[in-house]
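Structure record follows, encoded as structure tokens.
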Amino acid sequence: DVKVTQSSRYLVKRTGEKVFLECVQDMDHENMFWYRQDPGLGLRLIYFSYDVKMKEKGDIPEGYSVSREKKERFSLILESASTNQTSMYLCASSLALGGRMKFFGPGTRLTVL
Amino acid sequence: GQQLNQSPQSMFIQEGEDVSMNCTSSSIFNTWLWYKQDPGEGPVLLIALYKAGELTSNGRLTAQFGITRKDSFLNISASIPSDVGIYFCAGIPRFGNEKLTFGTGTRLTIIP
């Protein structure tokens, strides 16, 4: 069974903290993605990566950075967490960049106090 | 970034009823996808559409790729309790870098 796992299901952090969200996929996919999901806004792309050490900005990259040192792992970093970054974060992976067969992780619900 | 307009935002229906939802865009897409997100889980792909006018079924689910390439529809027949969740449309634009654009979601609740 294909799998995308995320390091935490729930996370509570304080304003100004540095936050790391980890995502691991076991499907040998080239492409990995980070989205945030907010009520009424759907899923919005933060960053994506199509290869190790490669990254591209999505639609809302401000306040975030990413790291892809290994093919199976894609990390989302909040350099200095703020309350408006309270959200559900979803990681996904796919073979093709268009993502017809995009597999999602279960999500991390981050609360920034 | 562009977003797709999805409606309705939420639906409250009784078990056994049929469900319809749609997604519209101001620009053309060459692929439409429909995802379902169960509570506490990530979205899972239900149906993919690749051609204008295409009608595709997956069990009780039927989706259509609009002729104008600017819209798509999802129907669920004879709803059952496990249909509860959030349904998202997503599109890949005709021109551009092939990134997926998601709709705002339709939350389906089934009243016992």
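The values are calculated or read from the model by the stated rules, or taken from the named source; none is laboratory data. Just so we're clear, the structure is a prediction, and the values are computed from it rather than from any experiment. So basically every Cβ, Gly included, is an ideal-geometry build from the backbone, and we count neighbours across all protein chains shown. Heads up: the accessible areas ignore ligands, DNA and RNA and are worked out on the full protein's heavy atoms, side chains in. Shrake-Rupley method; radii C 1.70, N 1.55, O 1.52, S 1.80 Å.
See the values below:
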item: Listed residues A:V12, A:V66, A:V52, most fluctuating in chain A (Gaussian network, C-alpha, under 10 Å); result: A:V12
item: Sum of side-chain charges, A:Y89 neighbourhood, beta-carbon under 13 Å (Lys, Arg +1; Asp, Glu -1); result: +3
item: Reduced Cα scattering model of region B:34-73, Debye log10 I(q)/I(0), q = 0.22, 0.30 Å⁻¹; result: -0.70, -0.98
item: Residues of type lysines that A:K3 reaches as a straight line, Cα spacing below 19 Å, ignoring anything fewer than 8 places off in the same chain; result: A:K70, A:K71, A:K102, B:K36
item: Chain A: relative contact order in percent, alpha carbon pairs under 8 Å with at least 6 residues between; result: 35
item: Mean Cβ neighbour count within 10 Å, used as a protection proxy, ranking B:61-71, A:28-38 highest first; result: A:28-38, B:61-71
item: Inter-label distance, nm, simple model (7 Å from Cα along the C-beta direction), A:D26/B:S57; result: 3.6
item: Accessible area expressed per residue, region B:14-112, with surrounding protein chains retained (probe 1.4 Å, Å²); result: 44
item: Interface burial for B against A (accessible surface, 1.4 Å probe, total of both chains, Å², rounded to 100); result: 1800
item: Rounded to whole Hz, the Karplus (6.51, -1.76, 1.60) HN-Hα couplings of region B:50-64, x for glycine and proline; result: 10, 9, 4, x, 4, 10, 10, 10, 9, x, 7, 9, 9, 10, 10
item: Shielding score for A:82-92, defined as the mean number of other chain Cβ atoms within 10 Å; result: 1
item: Relative intensity, log₁₀ I(q)/I(0), of chain A from a Debye sum that treats every alpha carbon as a point, q = 0.12, 0.22 Å⁻¹; result: -0.36, -1.24
item: From the C-alpha gyration tensor of region B:8-78, square roots of 5λ in Å; result: 21, 14, 13
item: Solvent-accessible area, 1.4 Å probe, carbon plus sulfur percent, for the protein assembly as shown; result: 52
item: Accessible area in square angstrom per residue, region A:27-113, 1.4 angstrom probe; result: 42
item: Principal semi-axes in Å for region B:29-112 [√(5λ), Cα gyration tensor, largest first]; result: 23, 15, 9
item: Sequence ranges B:9-19, A:68-78, B:75-85, ranked by mean other-Cβ count within 10 angstrom, highest first; result: A:68-78, B:75-85, B:9-19
item: Kirkwood-Stokes translational diffusion coefficient of the protein assembly as shown, alpha-carbon pairs, 37 °C, 0.692 mPa s, µm²/s; result: 183
item: Accessible area of B:Y50 in the full protein assembly, 1.4 Å probe (Å², nearest 10); result: 110
item: Nonlocal amide H pairs with A:R109, under 5 Å, H built at 1.01 Å; result: A:Y10, A:L11, A:Y89
